[in-house]
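Report on the following structure.
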Amino acid sequence: MSIDFDKQVERTAPARVPALEVRGLVKHYPGVKALDGVDLVVHQHEVLGLAGENGAGKSTLLKTLVGLVKPDHGEIYVRGERVRLRSIVEAADHGIGMVFQEQSLVPNLTAAENIVLGSEGPGVRRGIYRWDAMRRLAQEQLDKIASHIDPLARTDTLSFADRQMVEIAKVLRIEQRSQHPPVVILDEPTSVLESKEIETLFTQVRRLREFASVVFVSHRLDEILDVCDRVAVLRNGESVGEVQVAGTVPADLHRMMIGSTGSDDHYHDNVVERSDEAPAPRLTVRRLSGRTFRDVDLDVHAGEIVAVVGVHGSGREDLCRALFGAEPTTAGEVTLDGKPLDLSGTRAACAAGVGYVPAERKVEGMVGPMSVADNMTLTKQKARCSGPLVSPRKQASLVDRWIDRLSIRTPNRGTAIQRLSGGNQQKVVLARWLVGGDIRLLLLDHPTRGLDIGARSEVYRLMRELSNNGVATVLLADSLEEAIGLADRIVVMSDGRVATEVACPAGAKPTPLDLVKEMV
Amino acid sequence: MSTPVTVKPMAEPVVVGRGPSLADRLTSFMPVIALLALLTALTIADPDFLTRRSLTAAAFTAAPLIVLAAGATLVVLCGGIDLSIAAMASLSTVFLALWLPDLGAFATPAVIGVAALFGAVQGAAHVLLRIPSFIVTLGGMSIFSAVALVVSDAGTVPVVDDSAISWLNLYVATYIPMSVAVAVIVVVAISLVIKATPLQSWVRATGYSESAARLAGIPVDLVKIGAFCVSGACAGLAAVMLVSRNFSGNPSMADNLLLPAVAAIVVGGTAITGGHGSLWRSLTGALVVTLLRVGLPIVGVPSAWEQILYGAIIVAAVALTLDRSKVLIIK
Amino acid sequence: MTPPAEDTEDTAVVAARPRPRRAVSFRDAGPTAALLVIFVGFAAWSSQFRSIDNVQNIMDAAAVLAVVTCGITFVLMMGSIDLSAAGVMGASALAVALLVENNRNGNDLGLLGIALAVLLGAALGAVSGLALVLLKVPSFMTTLGVSAIGLGLATLMFGGVQPNISDKMLESWATERILGFTYLTWIAAGCVLVGWLIQRYTRLGRYAFAIGGAEEVLALSGVKVAPYKVAVFTFAGAFYGLGGVMVTSQLGAGLVQAGEGYDFSAITAAVVGGTLLTGGRGGVLHSAIGVLLIMVLTNGLVQVGVSPYWQGGVQGLIVVAAVAAAVIPQRRRNQVVK
């Protein structure tokens, strides 16, 4: 993949050594290059933004910086000194700490305990708690960020924003460990905050700059430009450039994140002409409400791919699972080909010809130790049984036929699915819904997650073939680019509701920025 | 609808993960090896052991254990555990002893049916109330014991006319005790039914990965309730065997079979984490445990060591067969 | 901590939602209210029940269970389970019977004998804990195994002849009274106090609590949890050991079955008191309420004429109901329950 944007900023020679520097970081997982030569410099007393699409490698990079992931190659320097970070404790010893996206506080302990957890110092003497000392230690930390939280409040009684303050206070404890200004990594800290809380957080981030360096990760580019001094952009596991925030607009960043915009032909644009007389939609959803989504209306026609996009907490994952009966609904009506669809459980959905490919393939999509054949025929019993009995011959010929048809690379049908590569695993999971020959609606929750480009492209082709054969598809794509490339229509969700719908025909595709506007 | 889909194959390694290692294979044959080693050792320690009499005695002891373990194995394969089997069997002995005079030959199916029903109720409580299986069955154990105490008035219920169940004490082909034959038939029958129907993949999928099984549209709840139901029925059958040997029912008759049964399951190599294992393995495990039981006195070890050995074996066998990739945090 | 091969940063992970604020909830106040209601109910029903003597009986009968429950509470707080109480109590009951003045041997170690028996309990607890953290065997299996080992040890020590104790001090525990309650009851009260102090003021207690709350966070904060887990099981074992000693004092003899039923009763009491089996909630004081609740219920049912054989059955129903009630707020579809 070519880099279209040269590094736009000359690295101004810093007056002092950088607080943190990363050179040539490489991390491979089986079948995936998570990091492919990442360089990053964090100067002292700087807020560095980190931007990138989903799957660009941000998470892996951050985990590497705090010792949770061991890189295959590359060097990490802290204040000019090369270090090896083998655990989160070692990272803390070097003054690097992270505020995790999913908060990492013990909910049933007090805020004070959480702040000093693991380095209680004078708070605990010979195993005995000194609650006074502990509260004082915690108060010191909270004072640094001018927070008024009661240190002895139980953490799970605090609001989300307050807990985030507790986490920041906790991370700042590493100052005591390393005796240096710390590097604080904030991983998507704003994703579930209200706008007022975000303002408070930004005040804190600016305050942190006085005595620490900050790496700030967010999906919201306007926030990054608001609070950071400089932004580094990752794409497909590579550093693609850096910009100073002054004079940069979100669109510039976004272009860097998604790279060349005209190269989505590998998504196989829809080629089939849709007949003009609009038949009744295959799936109709009317005012469907659940835990995280409300009053959702959605139509999907046979042969159509509808992508649902949205940020964290938009409710699209729960909506997708609800359509499969795997998530409770509170109100609304859903019909499939005119008949009401029973959402009480997954079995009813399967029987009605609905298929679901979950995002967590290894946990929810497949049964790892079981064979390819068993995984493929778990759902559709008629396809492999004669009467109530499994017919081994029928099963074998069916499975072999689909292995052949989808070019699934496996030694044989008896191989445990966990031994296949991710792309082939995903093809088996998809085949599970196809072997019955009665699939009418496919719900694809991040079907290409964790797959390399080759495997992705195969899954795209398969999806396209299926839709050309009349299967209706609801897609939660891994990236906006993917959604735009594959979908006939895009539904944008925001805060649990459908914000807007964008037609997405071949040749007149919207740009990611058109969608981003509606998402936030 | 046939979906003509063609996808160009990619150049990538065919197989990513490692296959089973030599150690894994050895572990999977461990029960058989242990069984043979025990037989050999016992024969050396006491050359008379391989006579018909002592083997028959061992077989009679083994029969109820095999049945108990076989039933509970299904629950373990689904990823749960049934700690109530022994108490259920004890309760069933009391029921059988009480019902034999009135129901005669029908007492046996009645007892098995009631035990199956109780098992199913436990399964339903586990599934519907979302209570961990070990706590449901621990509660069940306590309740069954209480019921047994109450209906038997905390005493032994003698069986005067055992003609309806004495057939279990006959011999097949003059050498094989009927109860053992029945136990083996039960194992074969359950295994065959599972193997020949989609149940095999349903049970294993439920045990290996319940959420994946549910999202594949498998009736996970029914599978689990069914497993508990079969487990209960097997406890009922074990009770029939016990009554036929002891000519009485007692509210604590089978209580000391819980540990041996759990030991049989885990020694057989069925993983306590679910999915991996089989009824055959539990049959082998039950034979190993039985040989230990009858063998320890032969080599002159006080029977008190039996308990200690069960304890150690359970922990060691679970440690060997546990699927650690599944549980990141072990509680 | 093996992160999955995929980046988990994107939108599929539903963001952690703010939890609702919890004030003093029904779960905290419920058991106490239930205790009062049941007590008042039985007192109104049965004149036998409301006599001073009977209240003393209830307290004295609760002593052993209180001690055992105190120990098991710490294990449950971590989210583990302990089925070893019966075995450990049997072993320590026999050990103490053979170590203090008795009819089987010439030992007369007195207090030292009691301490050794408690130590034996602690050692068996340590075995459970070590098997858990070293062999990674789930605690319900390790403790089931250790329970069998304890019973085996007890049977070995029993050796066919029941050891009757003649140690004056140990005998006096069950018979002598201060302020109307036996020494055993005061010992139990002391244990509850000690347990509460440990839970509140020591790293062991707080970490046990935290392990039940979010074990992975402790690891992320650089705390090595394994030693604390072993320590908690050891500590619980010591409490069971003391429980075994107390039973021996009550019976005047060491019996293998000294702890029979206590494992289950203790779990019941803890759960009824508000300790969650998933860990991270409840505590020693909750469990003490649970113990009283169980004992009042048991005693009351007997007083109003229910067969004592139903005792176990009632406990079984209670524990299932209590656990079911506790998980209702957390139920989700497609949730895995083993």
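Okay, here's what the table says:
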item: Within straight-line cross-link reach of residue C:229, aspartates and glutamates at Cα separation under 15 Å, skipping those fewer than 8 residues along the same chain; result: C:82, C:215, C:216
item: Point-charge dipole on Cβ atoms (K/R +1, D/E -1) for chain B, about Cα centre, debye to 20; result: 980
item: For region C:115-139 and region B:108-187, distance of Cα centres in Å; result: 33
item: Local electrostatic count at residue A:134 - Lys and Arg +1, Asp and Glu -1, tallied over other residues with Cβ under 9 Å; result: 0
item: Positive dipole terminus of region C:55-324, leading residue within C:65, C:285, C:84 (C-beta point charges); result: C:285
item: At q = 0.24, 0.26 Å⁻¹, base-10 log of I(q)/I(0) for region A:362-439 (Debye sum, equal scatterers on each alpha carbon); result: -1.11, -1.29
item: Volume per residue that the Cα convex hull of region B:41-174 spans, once the total is divided by residue count, Å³; result: 160
item: Candidate aspartates and glutamates for bridging to residue A:144, where Cα separation is under 19 Å - those fewer than 8 sequence places away on the same chain excluded; result: A:46, A:113, A:120, A:132, A:162, A:167, A:175, A:197, A:199, A:210
item: Relative packing of A:451-457, B:59-65, which averages over residues the other C-beta atoms within 10 Å, highest first; result: B:59-65, A:451-457
item: Packing-based ranking, highest mean first, of C:144-150, B:206-212, C:313-319, B:33-39 given that Cβ atoms within 10 Å are counted; result: C:144-150, B:206-212, C:313-319, B:33-39
item: Between 0 and 90°, nearest 10: helix B:85-103 axis offset from chain B longest Cα axis; result: 50
item: Mean separation of Cα contacts under 8 Å (6+ apart) over length of chain C, as relative contact order %; result: 30
item: Average partner coverage of B:141-151, which counts Cβ from other chains inside 10 Å; result: 6
item: Under the Karplus curve 6.51 cos²θ - 1.76 cosθ + 1.60, θ = phi - 60°, whole-Hz ³J(HN,Hα) for region B:293-308, x wherever Gly or Pro sits; result: 4, 7, x, 4, x, 4, 8, x, 8, x, 5, 4, 5, 3, 4, 4
item: Karplus 3J(HN,Hα) series, Hz, for region B:163-178 with 6.51 cos²θ - 1.76 cosθ + 1.60 (x for Gly, Pro); result: 4, 6, 10, 5, 4, 5, 8, 6, 10, 9, 6, 6, 10, 8, x, 4
item: Region A:454-520-region C:215-256 distance, computed between alpha-carbon centres (Å); result: 57
item: For region A:104-179, fraction of C-alpha pairs farther apart than 15 Å, in %; result: 47
item: Shielding by partners - mean other protein chain Cβ count within 10 Å, residues of B:197-206; result: 5
item: Per-residue average of Cβ from other chains inside 10 Å of A:419-431; result: 3
item: Debye intensity ratio I(q)/I(0), log10, region B:63-255, q values 0.12, 0.15, 0.16 Å⁻¹ (C-alpha model); result: -0.57, -0.85, -0.94
item: Dimensions (Å) - chain A, Cα atoms, principal axes, largest first; result: 72, 54, 47
item: Dipole of the protein assembly as shown [Lys/Arg +1, Asp/Glu -1 at C-beta], most positive-end residue of C:33, C:97, C:294; result: C:97
item: Compactness of chain B - radius of gyration and Dmax, Cα, Å; result: 21.2, 76
item: Expected 222 nm ellipticity per residue - DSSP helices of 4 or more, -39500 (n - 2.57), all of chain B, to 500; result: -23000 deg cm²/dmol
item: Net charge contributed by nearby residues that have their C-beta within less than 14 Å of residue C:71 (K/R +1, D/E -1); result: -2
item: Inter-site label distance for residue C:103 and residue C:166 at 7 Å from Cα along Cβ, in nm; result: 0.9
item: Links that overshoot a 19 Å alpha carbon limit, given the list A:58/A:170; A:27/A:58; A:382/B:195; A:27/A:427; result: A:58/A:170; A:27/A:427
item: Residue (of B:188, A:246, C:159) at the positive-pole extreme of the protein assembly as shown, dipole from beta-carbon charges; result: C:159
item: Calculated diffusion of the protein assembly as shown, Stokes-Einstein form, Kirkwood radius summed over Cα pairs, 25 °C and 0.890 mPa s, µm²/s; result: 75
item: Cβ charges +1 (Lys, Arg) and -1 (Asp, Glu), total dipole of region C:112-241, debye; result: 340
item: Under 14 Å, Cβ to Cβ, from residue C:244 - net charge with Lys/Arg +1 and Asp/Glu -1; result: -2
item: Amide H partners (placed H, <5 Å) of residue A:294, local residues excluded; result: A:497
item: Dimensions in Å of chain C - Rg and Dmax from alpha carbons; result: 21.1, 73
item: Cβ charges +1 (Lys, Arg) and -1 (Asp, Glu), total dipole of the protein assembly as shown, debye; result: 1440
item: Residues with amide H under 5 Å from that of residue B:159, placed H, sequence gap 5 or more; result: B:248, B:249
item: Taking region B:63-255 and dividing mean pair separation by its residue count, relative contact order in percent (alpha carbons under 8 Å, at least six apart); result: 50
item: For residue A:353, distant residues with modelled amide H under 5 Å away; result: none
item: HN-Hα J in Hz across region B:265-277 - Karplus 6.51, -1.76, 1.60, θ = phi - 60°, x for Gly and Pro; result: 5, 6, 5, x, x, 6, 6, 5, 7, x, x, 8, x
item: Relative packing of A:354-360, B:260-266, A:39-45, which averages over residues the other C-beta atoms within 10 Å, highest first; result: B:260-266, A:354-360, A:39-45
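Each value in this text was obtained by applying a stated rule to the coordinates, not by laboratory testing. From a predicted model like this one, the values you see are computed outputs, not experimental measurements. Please note: Cβ atoms are built from the backbone with ideal geometry, for glycine as well, and neighbour counts cover all protein chains shown.
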